[in-house]
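S.K.: Here it is, the structure in full.
Coordinate-derived values only; no laboratory data. Not measured: the values here are computed from a predicted model. Here the Cβ positions follow ideal geometry from the backbone for every residue, glycine too, while neighbour counts run over all protein chains shown.
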Amino acid sequence: MATKEGRCPICQKPSEKKFRPFCSKRCAQVDLGKWLSEGYRVASDETDEEEANLDKEGSAFEDRSE
């Protein structure tokens, strides 16, 4: 059942309530794959130097209890 709200951001078909905002599980998986393979990026004000320093220090989410 298509919703009146928007279109699938992957294929532009009408979105389905079950998979909102996507039209199908396939399109939802395609989108997830883009995030996991770093196909999408979140804009940042950090410079390349600051980013390199963060990479050296490690993630704030890493388990450092060892």
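S.K.: Contact order normalised by length for the stretch 2-41, with contacts defined as Cα pairs under 8 Å and 6 or more residues apart; what percent is it?
M.R.: 28 percent
S.K.: Please report the Cα spread of the stretch 2-41 along all three principal axes, rounded to whole Å, starting with the longest.
M.R.: 31, 15, 12
S.K.: Need the full-extension length gain, Thr47 to Gln29, defined as separation in residues times 0.36 nm minus the C-alpha distance. One decimal, nm.
M.R.: That pair, Thr47 and Gln29, stretches by 3.3 nm at full extension.
S.K.: While we're looking at this one, here's another question. Add +1 for every Lys or Arg and -1 for every Asp or Glu among the other residues with Cβ under 12 Å from the Cβ of Arg26, and state the total.
M.R.: Local charge sum for Arg26: 0.
S.K.: Here's something else I'd like to know. Sort 30-43, 10-23 for me by packing, meaning the mean count of neighbouring Cβ atoms within 10 Å per residue, highest on top.
M.R.: On the way: 30-43: 9.8, 10-23: 15.3.
Ranked by mean Cβ neighbours within 10 Å, highest first: 10-23, 30-43.
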